[in-house]
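Just so it is clear, none of the values below were taken in a lab; they were calculated from the coordinates. Given the structure is predicted, the values throughout are model-derived calculations rather than measurements. Note: ideal-geometry Cβ built from the backbone for every residue, glycine included; neighbour counts use all protein chains shown.
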Amino acid sequence: MDDEIIGVIEPRAVRRYVATGGIGLLGMILLYIAAATPPVDPGWLAFLIIMGLGSLFLSWRLWQASGITLELTRQELREAGGRVVARIENIASVDRGFFAFKPSNGFMMRLKTADSAVYAPGLWWRYRRTIMVGGVTSGTQAKSVADLIKILMVERDHAD
């Protein structure tokens, strides 16, 4: 029963629409300004175009990534498609405290060993030994998954 799903984090539709819409709107406004009233300096025009296109690209990536559900099993936290976020055996700590540096409605995990960098905007990201989960997620689901991970860590440490 190691592959049984014991916790789920699903992105919330309203948060997903607001986040992607806000970033997409920013991109459209920047491109509109660049087209309707272009600045005299070509550097500022390039800045507006690059930032506008970058915002639209980020909005598109956020929409893609926030359509994925995270699943917790006794072995790992993973995306519903199978990509592993973190293995329980590699998690050193979980922090979801009020003053923790974490995403909105989420939590932070520290790994024992570094892993490859991954960025799924609005859902989770990993850089070396740090994983952040949250953004467009449900706060109650993220809290319960963080607590379940802590329980699994205690079980893991007492089994050794």
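Given +1 on the Cβ of Lys and Arg, -1 on the Cβ of Asp and Glu, and no further charges, what dipole in debye does the chain carry about its Cα centre, rounded to the nearest 20? Write out the running numbers ahead of the final one.
On the way: 18 positive and 15 negative charges, 73 e Å.
Taking the Cα centre of the chain as origin, the dipole is about 360 debye.
Please work out, to two decimal places, the log10 of the ratio I(q)/I(0) at q = 0.20, 0.25, 0.30 Å⁻¹ from a Debye calculation in which every Cα of region 8-65 carries one identical scatterer.
-0.69, -0.89, -1.09
Using the Kirkwood radius over C-alpha pairs as Rh, can you work out the diffusion coefficient of region 64-121 via Stokes-Einstein at 4 °C, viscosity 1.567 mPa s, in µm² per second? Walk me through the intermediate numbers first.
Working: Rh = 12.5 Å.
Translational D for this selection: 103 µm²/s.
Where does the longest stretch of the chain lie that holds no chymotrypsin sites (Phe, Trp or Tyr not before Pro) found in a DSSP loop with 14 or fewer other Cβ atoms within 10 Å? Intermediate values should be presented prior to the final figure.
Values: sites that count: PHE98, PHE99, PHE101.
Counting at most 14 other Cβ atoms within 10 Å as exposed, the longest clean stretch of the chain is 1-97.
How far, in degrees from 0 to 90, does helix 139-159 lean away from the longest principal axis of the Cα atoms of the chain, to the nearest 10?
40
Enumerate the amide H contacts of ARG129 below 5 Å, restricted to partners 5 or more residues apart or on another chain; note that Pro and chain-start residues carry no placed amide H.
ASP115
Tell me, ILE149, ILE88 in order of fewest to most beta-carbon neighbours within 10 Å? Numbers along the way, then the final one.
Details: ILE149 23, ILE88 17.
With the fewest neighbours first, ILE149, ILE88 line up as ILE88, ILE149.
Tell me the relative contact order for region 8-65 as a rounded percent, counting alpha carbon contacts under 8 Å between residues six or more apart.
Details: 43 pairs, mean separation 27.5, N = 58.
Reported relative contact order: 47 percent.
Just in region 44-119: which trypsin sites (Lys or Arg not before Pro) are loop by DSSP and have at most 14 other Cβ atoms within 10 Å? List each step's numbers first, then the result.
Numbers: sites: ARG61, ARG74, ARG78, ARG83, ARG87, ARG96, ARG110, LYS112; in loops: ARG74, ARG83, ARG96.
Hits after loop and neighbour filter: ARG83.
For an R0 of 22 angstrom, estimate the FRET efficiency from the Cβ-Cβ distance between ALA159 and SER93 and round to the nearest 0.05.
Working: r = 18 Å, r/R0 = 0.82.
After rounding, the FRET efficiency stands at 0.75.
Give or take rounding to whole Å, what are the principal axis extents of the alpha carbon atoms in region 79-160, in descending order?
Projected onto its principal axes, the Cα set of region 79-160 covers 36, 27, 26 Å.
Per residue of region 61-73, in order, report the coupling 6.51 cos²θ - 1.76 cosθ + 1.60 (Karplus, θ = phi - 60°) as ³J(HN,Hα) in whole Hz, putting x for Gly and Pro.
Running phi through 6.51 cos²θ - 1.76 cosθ + 1.60 with θ = phi - 60° gives 5, 5, 4, 5, 5, 7, x, 9, 9, 9, 10, 10, 10 Hz.
Choose one of GLY139, LEU111, VAL85: the residue whose Cα lies farthest towards the positive end of the charge dipole of region 70-148 (beta-carbon charges +1 Lys, Arg; -1 Asp, Glu; about the Cα centre).
LEU111
Take the Cβ-Cβ distance between SER116 and ALA36 as r, set R0 to 35 Å, and report the resulting FRET efficiency rounded to the nearest 0.05. Numbers along the way, then the final one.
On the way: r = 42 Å, r/R0 = 1.21.
So the FRET efficiency works out to roughly 0.25.
For every helix of n ≥ 4 consecutive DSSP H residues, a contribution of -39,500 (n - 2.57) applies; sum these over the chain, divide by its total residues, and give [θ] at 222 nm rounded to the nearest 500 deg cm²/dmol. It would help to have the intermediate numbers written out before the result.
Values: 3 runs with 69 residues, N = 160.
Helices in the chain give a 222 nm mean residue ellipticity of -15000 deg cm²/dmol.
Please list, ordered by chain and number, the residues whose modelled amide H lies under 5 Å from the amide H of THR137; skip anything fewer than 5 residues away on the same chain.
The answer is ARG12.
Rg (Å, one decimal) plus Dmax (Å, integer) for the alpha carbons of region 1-106?
So, for region 1-106, Rg and Dmax equal 19.4, 65 Å respectively.
With the contact rule set at Cα under 8 Å and sequence spacing of 6 or more, what percent relative contact order holds for the chain?
It rounds to 24 percent for the chain.
Could you give the length gained by full extension between LEU25 and THR140, i.e. 0.36 nm per residue of separation minus their alpha carbon distance, to one decimal place?
On the way: separation 115, 0.36 × 115 = 41.40 nm, distance 2.88 nm.
Full extension from LEU25 to THR140 adds 38.5 nm.
Among ASP157, ASP147, which comes first, then next, by fewest other beta-carbon atoms within 10 Å? Working shown, then result.
Numbers: ASP157 8, ASP147 14.
Placing the least packed residue first, the sequence is ASP157, ASP147.
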